[in-house]
Amino acid sequence: MRDINEFIEYIGDSELNKELIISYKKTLASKYKPATVNVKLIAINRFLNHIGKQEWKIKLLKIQSQIFASEEKELTIAEYKRLIEAAKEERIGIIIKTISSTDIRISELEDIAEIFSAIILEGMMPFLGTPLDKPTSSRRFLILSERLL
């Protein structure tokens with residue numbers, strides 16, 4: 001509701017039209033990050049739906065997602081080594097090494113524990129979500145130490 005109130009305050013006594021909405025979008029883009037602008041635009045688009053002006057709805061800003069974290073967020077080798085040394089148990093250290101070397105998601109660790117109890121294949125295990133009946137070329141394998149068990 002706050003976003004709509006800000007929009008109505010921006011409009012003032014002007015008559016609502018598509019050009020005014022686009023102008024407001026530009027104003028928002030100059031003040032806020034794209035994700036914040038999009039939240040406000042979604043509220044405005046819903047408001048426009050509510051008042052029967054669907055044809056005035058405006059497109060959201062395009063936000064390019066980052067595949068990799070920025071270098072400032074990456075661990076240095078020294079930080080990585082301190083993290084491994086700080087692990088109270090050897091198993092936790094091995095889990096940290098596994099996550100960092102395989103790009104596995106933390107949420108997948110529970111799945112790995114379940115798979116380990118059911119499937120161990122020549123020291124290798126099929127990666128999550130890949131049926132064993134698929135050809136080997138379409139399966140990824142994750143090599144893990146027995147100390148993780």
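The values are calculated or read from the model by the stated rules, or taken from the named source; none is laboratory data. The shown structure was predicted, so the numbers you read here are calculated from the model rather than taken from an experiment. Note that we place each Cβ from the backbone using ideal geometry, even for glycine, and neighbour counts take in every protein chain shown.
Give the number of residues within segment 61-106 that are closer than 30 Å to Val39 by Cα and either over 20 Å from the mean Cα position of the chain (by Cα) or assigned to a loop (DSSP other than H, G, I, E, B) (or both).
Within segment 61-106, residues that are closer than 30 Å to Val39 by Cα and either over 20 Å from the mean Cα position of the chain (by Cα) or assigned to a loop (DSSP other than H, G, I, E, B) (or both) number 12.
Among the residues that make up segment 50-60, is at least one of them within 24 Å of the chain's Cα centre (by Cα) and at pLDDT below 85? Step through it out loud before you land on a result.
Of segment 50-60, the ones within 24 Å of the chain's Cα centre (by Cα) are 59-60.
With the extra rule that they be at pLDDT below 85, the set shrinks to none.
Within segment 50-60 (the criterion being within 24 Å of the chain's Cα centre (by Cα) and at pLDDT below 85), the answer is no, since none of the residues qualifies.
The residues in segment 12-28 that are exposed (fewer than 15 other Cβ atoms within 10 Å of the Cβ) and either acidic (Asp, Glu) or assigned to a helix (DSSP H, G or I) (or both) can be counted, and the count is 8. Return yes when Lys62 is touching a helix residue (DSSP H, G or I) at 6+ places or on another chain (Cβ under 9 Å) and either loosely packed, with under 10 Cβ neighbours inside 10 Å or of a type in the set (A, V, I, L, M, F, W, C) (or both) and no when it is not. Yes; evaluated as a whole, the condition is true for this residue. Can you confirm whether Lys73 is modelled with pLDDT of 80 or more and either surrounded by fewer than 15 Cβ atoms within 10 Å (Cβ to Cβ) or not assigned by TED's automatic domain parsing to the domain that holds Tyr24 (or both)? Spelling it out, it is not the case that Lys73 is modelled with pLDDT of 80 or more and either surrounded by fewer than 15 Cβ atoms within 10 Å (Cβ to Cβ) or not assigned by TED's automatic domain parsing to the domain that holds Tyr24 (or both).
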